[in-house]
Amino acid sequence: MLYLNIFRATVNLLFIFATEVWMLYLVRGVTGTCEIGILSIMPAYSAEIASKQIRGALGTIAQLLNAVGMLIILSLGPYASYLMVNIVYVTTVAVMVVPMFFVPDSPYCMVKKGRMNEALKTLTYLRDSELLAQEEIKEMSCVSGTKITSKTIKDIAFLKSMGIAVFLSIGIQLVGYSSITLYLQTILEVTNTSVSSELVSVIFGVMQVIACFVTAILSDRAGRKPILAITLGGLAIGMLGLGLFFYMKDSGVKINGFMNYLPLVSLVIVVLSYNAGIGSLCVVLIAELFENLTRSIGISVCMTITMIVGFLNVKYFPLLTEILGSATVFWSFAIICLIYMTFVLFCVPETKQKSFLEIQGVLGRK
């Protein structure tokens with residue numbers, strides 16, 4: 001993460017000093033690649049340094065800070081110059097590199113490499129108790145290995161973990177949130193409300209921050225499954241509302257009164273539900289499902305699948321709305337949300353307050 005952040009911060013200077021369009025293409029491609037690498041590592045790192053009592057909260061903080069970053073840009077973008085926006089962005093990225101020099105490495109990684117004394121020292125610092133650190137080191141030794149073998153890949157716990165994680169990774173994109181965010185301006189243009197798109201963007205960012213903050217507080221109290229199930233139901237309601245609005249509009253029904261605000265209300269429900277649920281908790285849950293030896297592989301596979309499905313989703317969303325109609329597409333998203341709600345309720349194990357060894361036991365590891 002340190003190397004990727006330093007490289008990203010350095011390359012990002014081109015956003016300020018670029019003189020040709022191809023330079024912006026280059027820096028955007030390199031920055032995107034670095035960010036995917038960071039996003040693949042960070043969930044595993046967060047899960048491995050946190051105790052089971054705060055693992056959910058610590059994991060969701062990443063999404064919370066992501067929402068804060070988006071809010072800063074959404075607030076500046078409509079009002080500041082291109083240069084000023086990029087100066088703020090590049091400065092923020094550069095400043096965030098500094099703490100990376102002082103954070104400890106993952107104790108699980110140290111155990112895996114046989115650096116037991118360093119792992120004990122790091123865990124003692126993180127847990128503020130040598131006794132707790134020793135107990136956790138002992139548990140790490142039970143779930144850790146040094147080499148992935150065919151037996152590891154064929155293990156029932158790994159197969160279950162991978163199946164659940166991959167299905168959830170696809171769901172992050174198939175619920176339709178990314179399509180709505182990228183085409184938010186287009187959706188707002190078809191409404192007859194007096195709310196400016198600039199103000200809506202800021203409100204949009206504020207709601208993301210609030211939803212992520214609430215989840216960070218509740219994830220280790222209420223549990224992952226209840227939050228995911230409830231918010232997926234909320235997503236379905238929001239998508240149904242958007243579908244109803246566009247169905248009436250495309251049918252030639254006169255839109256007035258509350259119906260003008262139905263898409264805004266639906267968008268509020270969608271934004272709050274996604275960021276409080278699948279947008280914040282899925283990555284946390286995926287990191288928890290894998291044991292130390294396979295966690296990096298599992299998260300990398302899931303992140304790759306998420307990005308591929310996300311690309312296809314965003315690319316073909318306009319085409320599908322043109323062929324099938326906006327209402328049908330939004331109602332399809334609603335059905336997918338309900339399918340995932342059912343999947344979460346019956347197929348996903350609860351990981352709240354469980355150690356990695358306990359989670360592996362639930363998944364069938366002996």
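The values are calculated or read from the model by the stated rules, or taken from the named source; none is laboratory data. What you see is a predicted model, and the numbers here were worked out from it, not measured in a lab. Cβ: placed from backbone, ideal geometry, glycine included. Neighbour counts: every protein chain shown. With ligands, DNA and RNA removed, areas are computed over all heavy atoms of the protein, side chains included. Shrake-Rupley method; radii C 1.70, N 1.55, O 1.52, S 1.80 Å.
Strictly over 24 Å apart at the Cα level, which of LYS52/LYS112; LYS151/LYS225; LYS52/LYS121; LYS113/LYS151 would you flag in this model?
Details: LYS52/LYS112 20 Å; LYS151/LYS225 30 Å; LYS52/LYS121 19 Å; LYS113/LYS151 20 Å.
Flagged as over cut-off: LYS151/LYS225.
Rounded to the nearest 0.05, what FRET efficiency do ILE72 and PHE17 have when you use their Cβ-Cβ distance and R0 = 22 Å?
Once the sixth-power term is evaluated, E becomes 0.55.
Using alpha-carbon positions, what is the distance between the centroids of the stretch 269-343 and the stretch 13-69, in Å?
Cα centroid of the stretch 269-343 versus Cα centroid of the stretch 13-69: 18 Å apart.
Taking the Cα-to-Cβ direction at LEU345 and at LEU184 and moving 7 Å from each Cα, how far apart do the two end points lie in nm?
Those two pseudo-labels are separated by 3.1 nm.
With Rg and Dmax of the Cα atoms in Å defined as stated, name the option among (i) 21.9, 72; (ii) 26.0, 80; (iii) 20.2, 68 computed from the structure displayed.
Calculated Rg and Dmax of the Cα atoms in Å: the matching label is (i).
Could you check which residue among GLU20, GLU139, GLU118 shows the biggest mean-square fluctuation in a GNM of the chain with a 10 Å Cα cutoff?
Fluctuation is largest for GLU20.
Pick out which of SER161, SER46, SER251 has the largest mean-square fluctuation in a Gaussian network model of the chain, springs linking Cα atoms closer than 10 Å.
Of SER161, SER46, SER251, the most mobile in the Gaussian network model is SER251.
When the accessible area of the chain is split by element with a 1.4 Å probe, what percent falls to carbon and sulfur?
Summing carbon and sulfur atoms, their accessible area is 70 percent of the total for the chain.
7 Å from Cα along Cα→Cβ at both MET1 and GLU130: what's the point-to-point distance in nm?
Placing both labels 7 Å beyond Cα along the Cβ direction yields 2.8 nm.
Anything in the chain that counts as a DSSP H helix reaching 15 Å or more along its axis (C-alpha) with Kyte-Doolittle mean of at least 1.0? List them, would you? Intermediate results must be reported in sequence, preceding the final value.
Numbers: long enough: 21-49 (41 Å, 1.07); 55-76 (33 Å, 1.53); 82-95 (20 Å, 1.82); 116-127 (16 Å, -0.25); 130-143 (20 Å, 0.02); 156-174 (27 Å, 1.84); 197-222 (36 Å, 1.50); 224-250 (38 Å, 1.03); 262-276 (21 Å, 2.02); 278-289 (17 Å, 2.37); 292-324 (46 Å, 1.18); 326-347 (31 Å, 2.09).
Long hydrophobic helices here: 21-49, 55-76, 82-95, 156-174, 197-222, 224-250, 262-276, 278-289, 292-324, 326-347.
Taking only Cα atoms and a 10 Å spring cutoff, compute GNM fluctuations for the chain and point out the largest among PHE356, PHE346, PHE330.
Of PHE356, PHE346, PHE330, the most mobile in the Gaussian network model is PHE346.
For the chain, what is the calculated [θ] at 222 nm in deg cm²/dmol (nearest 500), taking -39500 (n - 2.57) for each run of four or more DSSP H residues and dividing by its residue count? Mind showing how you got there, number by number?
Numbers: 19 runs with 289 residues, N = 366.
Computed ellipticity for the chain at 222 nm equals -26000 deg cm²/dmol.
With every protein chain left in place, what is the accessible area per residue of the chain in square angstrom, probe 1.4 Å?
Roughly 49 Å² per residue, with all protein chains present.
Which chymotrypsin sites (Phe, Trp or Tyr not before Pro) in the stretch 214-305 sit in a loop by DSSP (not H, G, I, E or B) and have at most 10 other Cβ atoms within 10 Å of their own Cβ?
Taking the stretch 214-305 and a limit of 10 other Cβ atoms within 10 Å, no loop chymotrypsin sites (Phe, Trp or Tyr not before Pro) are found.
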